[in-house]
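Report on the structure given below.
The values are calculated or read from the model by the stated rules, or taken from the named source; none is laboratory data. This is a predicted model, so every value here is computed, not measured. Virtual Cβ from ideal backbone geometry, glycine too; neighbours counted across all protein chains shown. Ligands, DNA and RNA are excluded from the accessible area calculation, which covers all protein heavy atoms including side chains. Shrake-Rupley method; radii C 1.70, N 1.55, O 1.52, S 1.80 Å.
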Amino acid sequence: MEKPLILISNDDGFRAKGINCLVDMVKEFGDVIVCAPNSARSGFSTAFSGLEYLTLRKSNTVNGFQTVQDGVEVFYSNGTPVDCIKLAFHELCNRKPSLILSGINHGDNSTVNNHYSGTVGVAKEGCLKGIPSIAFSLCDYDSNADFEPMRPYVQQIVRKVLAEGLPSGSFLNVNFPFGGQYKGIRMCRMTRGNWVNEVSACDHPRGFKYYWLVGNLENAEPDAEDTDQWALNHGYIAITPTTVDVTDYDMLKNWKI
């Protein structure tokens, strides 16, 4: 019996510790192909390189955080995370993947970060292609973060999705809280919030201003216990079922012009 084909990408780059840990966690479930950016592409959402040429190379060495081995093929590209999925589909996969995984991201992709995240963008692209897809993130930005406590939960989620699939047009955005001590899993909705104080202006020595995009997330409903941010702040793994259909069906029924 043919094993499931699992395609994995991320937005932190193919050398990131998170993606290599994810491969190690799931390679027992099927044949794994990695196709990821050659360096960090955080914040690229579902962007693709429409006006630039793309490269695709195979990694033949094991160095730094790149620890994937045991027959797992690793490819990298100068493109975005979504570019990597498109390239893998057309150039690398000898059959349709059974599952697309993204991450494990170094950092939080709950609440409105969902819309900006290249990690989530991978899962959205997989969902648009009709493939069950999951984005995994850890609320720890350290390049050497400890992902090992996530292992049994990642495997539990992957095992369930491989066995049961996901509804058409939906994928999972899974966020793990900081610290490695998890109270359990909660199914959550996305928290309403907004990024504020996003631009920091600086004076350049040559006489002009330059800018850093920074800011902090302002939670509009910190006490709402059904949200992903509440779950993470209270030590729970947050799973947010997410749909790629952006239609407002209530407005469609009720708004007239």
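Here are the numbers:
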read-out	value
Heavy atoms of E52: accessible area, 1.4 Å probe, square angstrom to 10	130 Å²
Size of electric dipole in the stretch 83-146: Cβ of Lys, Arg +1 and of Asp, Glu -1, about Cα centre, debye, nearest 20	500 debye
Heavy atoms of H115: accessible area, 1.4 Å probe, square angstrom to 10	100 Å²
Pairs beyond 28 Å (Cα-Cα), from K96/K183; K27/K96; K96/K253; K129/K183	K96/K183; K96/K253; K129/K183
Within the chain: Cβ-based charge dipole about Cα centre, in debye rounded to nearest 20 (Lys, Arg +1; Asp, Glu -1)	560 debye
Solvent exposure, largest accessible area first (probe 1.4 Å, DNA, RNA and ligands not counted), of H234, H90	H90, H234
Accessible area in the full protein assembly, largest first, 1.4 Å probe, for M25, M187	M187, M25
Net charge of Cβ neighbours under 9 Å - reference G103; Lys, Arg +1; Asp, Glu -1	-2
Shape call, the stretch 115-198: gyration tensor on alpha carbons, a/c limit 1.5	oblate
Correct choice for semi-axes √(5λ) of the Cα gyration tensor in Å that was computed from the model, options [x] 28, 24, 20; [y] 24, 23, 18; [z] 29, 20, 19	[x]
Ranked order, D142, D228 - accessible area, probe 1.4 Å, largest first	D142, D228
Unit charges on C-beta of K, R, D, E only; dipole of the stretch 1-63, Debye	180 debye
Point-to-point label distance, Q156-T55, nm (Cα→Cβ direction, 7 Å offset)	4.3 nm
In Å², nearest 10: area of I185 left accessible to a 1.4 Å probe	60 Å²
